[in-house]
Amino acid sequence: MKLQQLRYIWEVARHDLNVSATAQSLFTSQPGISKQIRLLEDELGVEIFSRSGKHLTRVTPAGEAILRIAGEILRKVDAIKQVSQEFSDDRRGSLSIATTHTQARYALPAVVESFMRHYPDVSLHMQQGTPMQIAEMAADGTVDFAIATEALELFGNLVMLPCYHWNRCVVVPRGHPLAQVSKLTLEDIARHPIVTYVFGFTGRSKLDDAFTRRGLTPRVVFTAADADVIKTYVRLGLGVGIVAHMAVSADDKDLVALDASHLFEASTTRIGFRKGTFLRGFMYEFMREFAPHLTRERIDAAVHAHSRQEIDELFRDVTLPVR
């Protein structure tokens, strides 16, 4: 059994059993990957993948168990490499982050700019996705950090650290009737069609809960994962927008942002990483740049906590910033 063979089966599974795409991503040949997978299956005496002709069709039950262990082995190998890099050159390496559009567009630019200025030899890779996709990428080791509001709590193998609270606002075109209301109510908003986030995105659940508690059924006519897309359709007159307050900038001069912090419970953005991850010095520094209260001591204490309740207790006396 070779480490290369384990990497091949892991990557084939990640590429939806597309051997050609896997070969391209690994800069090798398709026949070479297929041969090594067959050799591994012959050695183990079980099929990892079912086939129809030359095509892989599904992962077998034995294959699922093997892939879980292979993933752990590959992550341990990567951790060994991280350790060696930390001791040979603690300012050089790579950092991968998965996050939502709102975080990437509005919360992270200043952090990334500062981090890259201090660590010019660290290559930073950012992927965007739904909160569930983001959490899955962190949970399976595809990325180092997940930054999101929703879904991270669904994965028990993630260490989740609170970063900041954020509130919502209602955005309308100038001259809209709601722009004349001194203090918004949920009833005011419910009278109009609503443009907001897709369910499961950027604290959408808190929004729905608020209307439900008041016995209101909001008329959501358009949803999107991107705050900029939501604002575009508000400009077109499709409805009133409900977005994260941080997603309204000085460039939105044609829109009026109305405070809604009294209507919806604040949401908390967290940064999560897989338990057992070897944290390099610059990874600690990135988290501190993003959330100054995330000191190395607090992060290490959270890593060694036995439950999420213990982690929450570590931050009980910390006043999180509000954005």
Item to check | Boolean, Ile37 is touching a residue at least 40 places away in the same chain (Cβ under 8 Å), surrounded by 13 or more Cβ atoms within 10 Å (Cβ to Cβ) and β-branched (Val, Ile, Thr) | outcome: no
Item to check | Close pairs (6 angstrom Cβ cut-off, 6 or more residues apart or separate chains): over 19 Å from Arg105 (Cα atoms) in region 215-241, open to solvent by less than 50 Å² (accessible area, probe 1.4 Å) and at pLDDT below 95 anywhere | outcome: Pro218/Phe211
Item to check | Contacts under 8 angstrom Cβ, first residue in region 130-145 being under 17 Å from Met283 (Cα atoms), partner of a type in the set (Gly, Ala, Ser) and in a helix (DSSP H, G or I), 6 or more apart | outcome: Gly141/Gly71; Asp144/Ala138; Phe145/Ala138
Checklist entry - Which of the helices (runs of 4 or more DSSP H) contained wholly in region 225-323 include at least 3 residues that are closer than 26 Å to Ala190 by Cα? => result 227-235
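In this structure, does Ile66 turn out to be crowded, with 16+ Cβ neighbours inside 10 Å, β-branched (Val, Ile, Thr) and farther than 29 Å from Glu113 by Cα?
yes
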Next on the checklist: Filter region 118-129 down to the residues that are surrounded by fewer than 18 Cβ atoms within 10 Å (Cβ to Cβ) and either under 15 Å from Phe290 (Cβ atoms) or in contact (Cβ under 8 Å) with a residue 40 or more places away in the chain (or both) and list them by number.
Outcome noted: His118, Leu124, Met126
Checklist entry - Looking only at residues in region 144-155 that are assigned to a loop (DSSP other than H, G, I, E, B) and more than 9 Å from the chain's Cα centre (by Cα), which one is modelled with the highest pLDDT? => result Asp144
Checklist outcome for this item: When region 199-219 is checked residue by residue, the ones that are of a type in the set (A, V, I, L, M, F, W, C) and open to solvent by less than 50 Å² (accessible area, probe 1.4 Å) are Phe201, Leu207, Ala210, Phe211, Leu216
Next on the checklist: When you scan region 87-94, do you find a residue that is over 12 Å from Phe282 (Cα atoms), open to solvent by 50 Å² or more (accessible area, probe 1.4 Å) and not charged (D, E, K, R), even just one?
Outcome noted: yes
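For residues in region 178-198 being over 30 Å from Ala146 (Cβ atoms) and part of a loop (DSSP other than H, G, I, E, B), which is most open to solvent (accessible area, probe 1.4 Å)?
Per the criteria, the residue is Arg191.
The values are calculated or read from the model by the stated rules, or taken from the named source; none is laboratory data. Remember, predicted model here, so these are calculated numbers, not experimental data. Ideal geometry is used to build each Cβ from the backbone, glycine not excepted, and the neighbour counts take in all protein chains shown. Ligands, DNA and RNA are excluded from the accessible area calculation, which covers all protein heavy atoms including side chains. Shrake-Rupley method; radii C 1.70, N 1.55, O 1.52, S 1.80 Å.
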